[in-house]
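The values are calculated or read from the model by the stated rules, or taken from the named source; none is laboratory data. Bear in mind that the values here come from a model prediction, so they are computed numbers and not experimental data. All Cβ positions, even for glycine, are placed from backbone atoms using ideal geometry, and neighbour counts span all protein chains on display. In case anyone asks, the SASA skips ligands and DNA or RNA and just uses the protein heavy atoms, side chains included. Shrake-Rupley method; radii C 1.70, N 1.55, O 1.52, S 1.80 Å.
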Amino acid sequence: MTDEVNTKSGGDVDSEEQPLPLSVGSVLDGRFQIERMLGAGGMGYVVLARNVALEERVAINLLLPGRADEDARHRLVREARAAVKIKSDHVVRILDVV
């Protein structure tokens, strides 16, 4: 496991590996310790983290640096609102959006 979370960017962004502003072991929002990268796409990436207080694993969807404009934020919130309505053992549960 590396100390830096990397991803290949897609679309019109340079296709070289771009280091993300998180590293394995870092704590996000004072609550979530980053464990590893789960996946990445054109707008964002998903990391596996552990909620430090609750000792529970969570997946966190984040926007890529430079992609966090107002439209992208609204799209992410719309997707979360749609996904939270799906109740199934086979679909992740949405806990929060900020």
Looking at (1) surrounded by 16 or more Cβ atoms within 10 Å (Cβ to Cβ); (2) basic (K, R); (3) part of a strand (DSSP E or B), can you tell me which one R67 breaks? (3)
I'd like the full set of residues that are under 11 Å from L62 (Cα atoms) and of a type in the set (A, V, I, L, M), limited to region 38-47. A40, M43, V46, V47
If I ask for residues that are aliphatic (A, V, I, L, M) and either in contact with a Cys (Cβ under 7 Å, 6 or more places away or on another chain) or open to solvent by 80 Å² or more (accessible area, probe 1.4 Å) (or both), which ones from region 70-81 would you list? none
Test V97 against the criterion of being among the β-branched types (V, I, T), in contact with a Phe, Trp or Tyr (Cβ under 8 Å, 6 or more places away or on another chain) and either part of a loop (DSSP other than H, G, I, E, B) or surrounded by 15 or more Cβ atoms within 10 Å (Cβ to Cβ) (or both), and give yes or no. no
Looking for something hydrophobic (A, V, I, L, M, F, W, C), surrounded by 12 or more Cβ atoms within 10 Å (Cβ to Cβ) and over 19 Å from G25 (Cα atoms) - is there at least one such residue anywhere in region 44-61? no
Answer yes or no as to whether V84 is open to solvent by 100 Å² or more (accessible area, probe 1.4 Å), among the β-branched types (V, I, T) and either modelled with pLDDT under 95 or in contact with a Cys (Cβ under 8 Å, 6 or more places away or on another chain) (or both). no
